[in-house]
Number of protein chains: 2
Amino acid sequence: MTQNIQHMAQNWFASLQKEICARLEELEHESTLCQDFAPGEFVFTPWQREDGGGGTMGVLRGGRVFEKAGVNFSAVQGEFSRELQDKIPGAKEDPRFQACGISIVIHPRSPLVPIVHMNTRMLITTQTWFGGGADLTPVYPVEEDTKAFHAEFKTVCDQFDPDYYEKFKAACDEYFYIKHRKEMRGVGGIFYDNLNSGNLSVDFEFTKAVGLAFKDIYPTIVRRHYNKPWGAQETKDQLFKRAKYAEFNLIYDRGTEFGLKTGGNIDAIFVSLPPLAAWE
Amino acid sequence: MTQNIQHMAQNWFASLQKEICARLEELEHESTLCQDFAPGEFVFTPWQREDGGGGTMGVLRGGRVFEKAGVNFSAVQGEFSRELQDKIPGAKEDPRFQACGISIVIHPRSPLVPIVHMNTRMLITTQTWFGGGADLTPVYPVEEDTKAFHAEFKTVCDQFDPDYYEKFKAACDEYFYIKHRKEMRGVGGIFYDNLNSGNLSVDFEFTKAVGLAFKDIYPTIVRRHYNKPWGAQETKDQLFKRAKYAEFNLIYDRGTEFGLKTGGNIDAIFVSLPPLAAWE
């Protein structure tokens with residue numbers, strides 16, 4: 001049963017990668033700004049992990065709408081180090097793990113288009129669970145966008161459990177907090193981990209729905225802003241926002257830590273880092 | 001005795017800050033490139049720490065030679081958190097500490113002028129010691145510079161202990177290593193910590209000599225390159241080198257961790273981070 005779902009989850013994450021990349025490429029063709037650049041295209045690079053498994057890194061660089069968009073798929077297995085064994089559910093008894101998922105970070109060219117992150121994954125140790133979420137990081141928060149983003153994920157959550165949205169929204173706010181700056185990374189979204197409701201098929205359906213919601217709502221938000229011109233001050237603000245984004249990912253992000261400590265692919269892990277950033 | 005040295009060390013670090021800043025401003029006036037910019041000047045901002053003590057942050061931004069140069073002095077006291085108590089010598093018995101020092105990171109405008117870091121400090125817990133070092137991070141290593149930088153500090157080390165240079169050079173190579181990239185941050189230098197030879201006055205003299213050596217050798221290296229023109233590829237390489245510098249400081253640097261975990265001044269701590277950086 002678990003193996004069956006794992007097989008389906010891998011296929012799902014891999015196909016979601018392709019679909020999301022196609023959607024983002026559509027935006028590159030639609031946009032009327034930044035015509036000096038050719039519409040961006042994803043380049044897919046497969047990679048293998050020494051321990052077992054691997055993935056496909058998808059990156060679009062230097063496009064009209066997206067300066068750097070990373071959409072990664074991976075399906076890996078291995079053994080956790082002692083340090084991680086203590087942190088990860090079910091790993092104390094047996095260090096072996098299997099993990100598959102999709103991980104996305106998008107840095108738009110325009111300071112008016114929000115940065116976004118989405119990740120969903122399936123983990124198997126002596127326990128099995130799903131995790132994931134999506135959160136939006138605008139340089140200048142726009143209420144309409146924030147509401148639309150949250151509403152989309154609330155709709156998904158409510159279809160599965162009336163408590164999910166409040167719980168996962170709170171977890172997102174708690175997780176994407178830049179402690180040393182005492183500020184939120186962005187305007188939130190949802191974040192869930194160690195989700196095993198007792199019915200793994202349903203948890204998988206929920207995870208699929210989160211991915212589909214992302215695929216719809218992010219392009220909608222991008223379209224609201226991608227043809228607006230901007231100035232030097234906006235670019236300056238964007239570069240500092242990106243610097244703080246890099247701080248979060250390098251200091252606090254568990255996904256980055258997981259990747260680095262399990263010998264993941266550096267290029268794939270750091271695809272989340274901004275193409276250009278500036279500390280004041 | 002210890003109190004007396006502490007008092008002298010504070011005064012020394014504070015006066016070294018002013019002297020080094022004056023030296024760097026001289027370079028700004030000498031340089032013949034980048035005349036679009038006014039010669040950079042240091043702005044000094046005093047700050048107070050809630051727990052006690054504070055410092056003076058010195059920053060030069062947007063100069064001809066230096067895009068961002070941070071030269072900080074601080075003299076603080078407080079109590080270590082449980083986590084730090086276990087890591088820091090003599091803190092287990094009593095969490096109180098006093099620390100003073102100078103911390104420097106310089107990001108030149110030109111990709112041909114090396115980034116540099118220097119830090120010296122005095123720490124008092126139930127134990128007392130000096131620590132510090134200096135290391136050079138060129139985008140393009142030049143053998144003559146590397147040799148001159150190392151020779152300067154070797155001369156200082158040899159005046160105090162024939163074993164110092166080899167030991168402190170090795171410690172520097174070990175410390176400034178970007179594990180996840182399996183590469184050195186730069187071309188090394190010296191690094192020492194928990195130095196208490198039994199004669200604190202002599203250790204203080206050594207620390208002073210390290211500061212003076214830095215004050216001489218870095219401007220010498222800058223002068224070799226600061227009037228050379230450069231191109232777009234060099235800038236690109238510089239921005240990626242700076243990104244890796246930021247990775248090191250955010251993920252591994254103990255000084256950054258110490259600052260963040262002891263409620264230090266964020267602006268002063270992050271003055272080490274590059275003005276502009278780019279991940280590929």
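Numerical summary
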{"quantity": "Estimated FRET transfer efficiency when R0 is 35 angstrom, pair residue B:19-residue A:87 (beta carbons, to 0.05)", "calculated": "0.15"}
{"quantity": "All-pairs alpha carbon distance profile, the stretch B:121-280, 5 Å steps from 0, percent", "calculated": "2, 8, 15, 18, 20, 18, 11, 5, 2, 1, 0"}
{"quantity": "Whole-Hz ³J(HN,Hα) from phi, Karplus 6.51 cos²θ - 1.76 cosθ + 1.60, for the stretch B:175-185, glycine and proline x", "calculated": "6, 8, 10, 8, 3, 5, 9, 6, 9, 6, 5"}
{"quantity": "Paramagnetic reach from residue A:151 in the stretch A:82-122 [backbone N under 19 Å; point 7 Å along Cα→Cβ]", "calculated": "A:114"}
{"quantity": "Reachable lysines, given that their alpha-carbon falls under 22 Å from the alpha-carbon of residue A:87 and they are not under 8 places away in the same chain", "calculated": "A:167, A:179, A:261, B:87, B:179, B:261"}
{"quantity": "Solvent-accessible ranking of B:146, B:32, largest area first, probe 1.4 Å", "calculated": "B:32, B:146"}
{"quantity": "Area of residue B:154 that stays accessible when all protein chains are in place (1.4 Å probe, Å², to 10)", "calculated": "80"}
{"quantity": "Angle in degrees between helix B:232-251 and the longest Cα principal axis of chain B, rounded to the nearest 10", "calculated": "10"}
{"quantity": "Radius 12 Å from Cβ of residue A:257, net charge of other residues (Lys, Arg +1; Asp, Glu -1)", "calculated": "+1"}
{"quantity": "Rounded tilt (10° steps) of A:143-160 against the dominant C-alpha axis of chain A", "calculated": "20"}
{"quantity": "Binned Cα-Cα distance frequencies in the stretch B:2-272 - 10 Å width, integer %", "calculated": "7, 30, 38, 21, 5, 0"}
{"quantity": "Protein accessible area in the stretch B:1-123, 1.4 Å probe - carbon and sulfur %", "calculated": "48"}
{"quantity": "Helix A:2-30 vs. chain A, principal-axis angle (Cα, 0 to 90°, nearest 10)", "calculated": "10"}
{"quantity": "In order through the stretch B:117-127: 3J(HN,Hα) via Karplus (6.51 cos²θ - 1.76 cosθ + 1.60), integer Hz, x for Gly, Pro", "calculated": "9, 9, 8, 9, 8, 10, 10, 10, 10, 6, 10"}
{"quantity": "Rounded accessible area of residue A:224 (nearest 10 Å², 1.4 Å probe)", "calculated": "80"}
{"quantity": "Enclosed volume per residue, in Å³, of the convex hull spanned by Cα atoms of the stretch B:1-87", "calculated": "122"}
{"quantity": "Cβ neighbours within 10 Å from other chains - mean over A:245-251", "calculated": "4"}
{"quantity": "A:190, B:269, B:251, ranked by accessible area, largest first (probe 1.4 Å)", "calculated": "B:251, B:269, A:190"}
{"quantity": "Accessible area per residue, Å², the stretch A:2-272 with all protein chains present, probe 1.4 Å", "calculated": "43"}
{"quantity": "For the protein assembly as shown, the Rg and Dmax computed from alpha carbons only, in angstrom", "calculated": "25.4, 74"}
{"quantity": "Heavy-atom accessible area, 1.4 Å probe, ligands and nucleic acids excluded: residues of the stretch B:264-280 down by at least 10 Å² from chain alone", "calculated": "B:266, B:270, B:273, B:274, B:275, B:276, B:277, B:278, B:279, B:280"}
{"quantity": "Mean separation of Cα contacts under 8 Å, 6 or more apart, over the residue count of chain A: relative contact order %", "calculated": "17"}
{"quantity": "12 Å beta-carbon shell around residue A:119, net charge (K/R +1, D/E -1)", "calculated": "-1"}
{"quantity": "The stretch A:203-271, Rg to Rh (Cα coordinates; Rh as Kirkwood inverse mean 1/r)", "calculated": "1.08"}
{"quantity": "Karplus-derived 3J(HN,Hα), 6.51/-1.76/1.60, for each residue of the stretch A:265-278, Hz, glycine and proline x", "calculated": "7, 4, 4, 5, 5, 8, 5, 6, 7, x, x, 8, 8, 9"}
{"quantity": "Heavy-atom SASA rank of A:173, A:267, B:135, A:216 (probe 1.4 Å, accessible area, largest first)", "calculated": "A:267, A:216, A:173, B:135"}
{"quantity": "5 angstrom amide H check on residue A:276, placed H, neighbours 5+ away", "calculated": "B:279"}
{"quantity": "Surface accessible to a 1.4 Å probe, residue B:230 within the full protein complex, Å²", "calculated": "80"}
{"quantity": "Helix-only CD estimate at 222 nm, as mean residue ellipticity for the protein assembly as shown, using -39500 (n - 2.57) per DSSP H run (n ≥ 4)", "calculated": "-14500 deg cm²/dmol"}
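The values are calculated or read from the model by the stated rules, or taken from the named source; none is laboratory data. Remember, predicted model here, so these are calculated numbers, not experimental data. Don't worry about glycine lacking a Cβ; one is built from the backbone with ideal geometry, like all the others, and counts go over all protein chains shown. Protein only, heavy atoms only, side chains kept; ligands, DNA and RNA dropped before computing areas. Shrake-Rupley method; radii C 1.70, N 1.55, O 1.52, S 1.80 Å.
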